[in-house]
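Let me begin by presenting the structure, written as structure tokens, before commenting on it.
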Amino acid sequence: MLTEISTFLGVPVVDLITFSAIALVVITLVVTFALSVKPKRVKPVSARQYNAELFKRRMELEELSYPMLNDIKVNGGKAGLIRVDHVLRLPASILMITSAPADVAGQVRCPQNAGHWKYVRPDHTVGAFINPVLQLHPLISAIRGRFPLVRVRVMCVFPRAAEFVSANVKTACVPDDLIRLVREMVAEDGAQNQGMDAAWESLSLALKQSSAAAATPAPKGRRAG
């Protein structure tokens, strides 16, 4: 067969074998490269996985032994119902932790001052949600108005599949970095702020009452305020 092909093409058999081997290697490299750059479809996080991650995060935060409230709901007026997964009392600050959408599966753009943060979904479409700092602004303003010396921090936790486009994102992280970042905040706070005792007592009571009110259905015939 090779002899017939060689005669037909007018190419020596040895050269024909060499060219064939080179062509096979090139084709293999092209196919390998094409497969490597093809976007991988990421399986969305299921509700069960999402809740398991949230529970694990809560356990890790509790091990830090700082006073904490969980699953806080606040009526944000025009912003609607605002949910905060965890509120931590640190030595000289309050840290509010929220969760990014469960379908984050790729690059994330979260500029600190942007109104909306954008991310890539498993099907490679673009999703968006309100910047948590802006969403929590009514609550942050209320805390600062009553306790001006208390610093309020916000951290939004993304699924592990998230890839942050911007470097040094101060208000977003993946689960594996959260505890390290909280410890850095504690170190930055330094000594215990004596005013935090009164502030936390009042704030925690207000947040509990707000969360209980938000969870209570409005009576029929009346609009929820």
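The values are calculated or read from the model by the stated rules, or taken from the named source; none is laboratory data. Model, not experiment: these values are computed from the prediction. Glycine gets a Cβ as well: all are built from the backbone with ideal geometry, and neighbour counts include every protein chain shown. For the accessible areas, the whole protein counts, side chains as well, though only heavy atoms, and no ligand, DNA or RNA atoms are used. Shrake-Rupley method; radii C 1.70, N 1.55, O 1.52, S 1.80 Å.
Straightening the chain between GLU184 and ALA212 buys 6.9 nm, computed as 0.36 nm per residue apart minus the Cα-Cα spacing.
A convex hull fitted around the alpha carbon atoms of the stretch 105-225 yields 157 Å³ per residue. When a 1.4 Å probe is rolled over the protein heavy atoms, the share of accessible surface on the stretch 69-165 that falls to carbon and sulfur comes to 54 percent. Distance between the pseudo-spin-label points of ASN168 and MET59 (7 Å out from Cα toward the beta carbon): 3.6 nm. Residues whose amide H falls under 5 Å from that of LEU90, counting only those 5 or more places apart or on a different chain, are LEU95, with hydrogens built in the peptide plane.
The value given for the stretch 68-159 is a Kirkwood hydrodynamic radius of 14.1 Å, derived from the mean inverse Cα-Cα separation. For the stretch 122-199 versus the stretch 80-114, the spacing of their alpha-carbon centroids is 6 Å.
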